[in-house]
Amino acid sequence: MECTTNTRKLIVDLFEINALKFGKFTLKSGIESPVYFDLRVIVSYPAIMEKVSDLLWDAVTSDVEFKHLCGVPYTALPLATCMAVKYNKPMLIRRKEAKDYGTKKMIEGVFVEGDKCLIVEDVVTSGTSVMETAQSLDQVGLKVTDAVVLLNREQGGKNMLASNGIQLHSVLKLSQVSKILEQEGKLSKEVVDEVEQFIVKNQFQNGAVALKRKQENKEESEKKKIKQRLTYKDRKEVCCHIVAQKLLDIMEKKSTNLAFSVDVTKCQEVLKLAELIGPYICILKTHVDILEDFNQDFIKSLQALADKHQFLLFEDR
């Protein structure tokens, strides 16, 4: 998307509310990045969220036809909701996982098989999250040919999606963002150069990370529904991934499948909760980016509790 006055202003706004951060950050993949995006904070800034949803809409409506919107869980859900309400476009919701009660649906909303659905996302790196949503939509008969994203990190996601029949439309690109912030006096040329080098050196190749779309027929879907129910021990024996094996072993030994998400802002609060509920869970999910007093001693203490109570740690980034 061409850089207009509105997009330039948005880039500065996102930087000023710390949705765009520059420095040294370790990503979930273990890669050290000079830039980090925490776009979840925009829900606290209604005017910015409205501006983002308008630009997302403008990025696709001129040449893309679609009947529904579907935001990738979870950050893109409020953006898709804003678009749906303001522009009177029906929205669908994709669950991260199906419930084992009620309708057990993965896709919520009213639609007809064959309808086209536009996927809405906040950030695209490898494109995997968009692909996972596209697969869920495919499985209920919806067609996905396009996705729109606020920020394309330019690390191979667009090409991967294109190889799977999905055209990616973006409001902003990482290289564009860093250059605009340099022009606005927010970043030095050294940081901009570092970002550009990072993009070049950290490219996801087609198929290396992402999922391939697979059209399932009704017979295959029915087979999945009636597959044999396995015990945790049985699953461990047929599982090849070492982390999954460890998880299933814990679930069997502790007779639990409970995962606990600890969303507090102080390290001691996390440790207190981990000590309290540790004996009853198999996974503790953390969000260390919201901890106001994060430090390396906290990591050591949390790992010690995980070893003591036999649960895995999962950082949700």
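The values are calculated or read from the model by the stated rules, or taken from the named source; none is laboratory data. Computed from a prediction, not measured in an experiment: that's the story for all the values here. Every residue, glycine among them, receives a Cβ derived from its backbone with ideal geometry; neighbour counts consider all protein chains shown. For the accessible areas, the whole protein counts, side chains as well, though only heavy atoms, and no ligand, DNA or RNA atoms are used. Shrake-Rupley method; radii C 1.70, N 1.55, O 1.52, S 1.80 Å.
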Task: segment 35-99: trypsin sites (Lys or Arg not before Pro) falling in loop per DSSP and having at most 14 other Cβ within 10 Å - done: R95, K96, K99
Open item on the list: Quick check on segment 35-194: take the gyration tensor over C-alpha atoms, sort the square-rooted eigenvalues as a ≥ b ≥ c, and tell me if it's rounded (a/c under 1.5), prolate or oblate.
Closed with: prolate
- [ ] Order the following by accessible area, largest value first: V85, V43, V288. Probe radius 1.4 Å; ligands, DNA and RNA are ignored.
- [x] V85, V43, V288
TODO: Could you please put M106, M49, M160 in sequence from largest to smallest accessible area, using a 1.4 Å probe?
DONE: M106, M49, M160
Open item on the list: How much length would be gained if the chain were fully extended between E269 and K21, taking 0.36 nm per residue of separation minus their Cα-Cα distance, in nm to one decimal?
Closed with: 86.7 nm
TODO: Determine the per residue accessible area of segment 1-140 with all protein chains present and a 1.4 angstrom probe, expressed in square angstrom.
DONE: 50
Open item on the list: Amide H of I17 versus every other amide H placed in the peptide plane: which residues, excluding those fewer than 5 positions away on the same chain, fall under 5 Å?
Closed with: none
Task: In segment 31-93, the GluC sites (Glu not before Pro) that fall in loop regions by DSSP, at most 16 other Cβ within 10 Å - done: E65
Open item on the list: Out of the chymotrypsin sites (Phe, Trp or Tyr not before Pro) in segment 75-158, which ones are loop residues according to DSSP with at most 11 other C-beta atoms within 10 Å?
Closed with: Y101
TODO: Give me the percent of the accessible area of the chain that comes from carbon and sulfur atoms, probe 1.4 Å, all protein chains in place.
DONE: 51
Task: Matching label, semi-axes √(5λ) of the Cα gyration tensor in Å computed from the structure shown, candidates (1) 30, 23, 20; (2) 45, 24, 17; (3) 33, 29, 18 - done: (3)
Task: Amide proton proximity set for L118, modelled H, under 5 Å, gap of 5+ - done: K67, H68, L69, C70
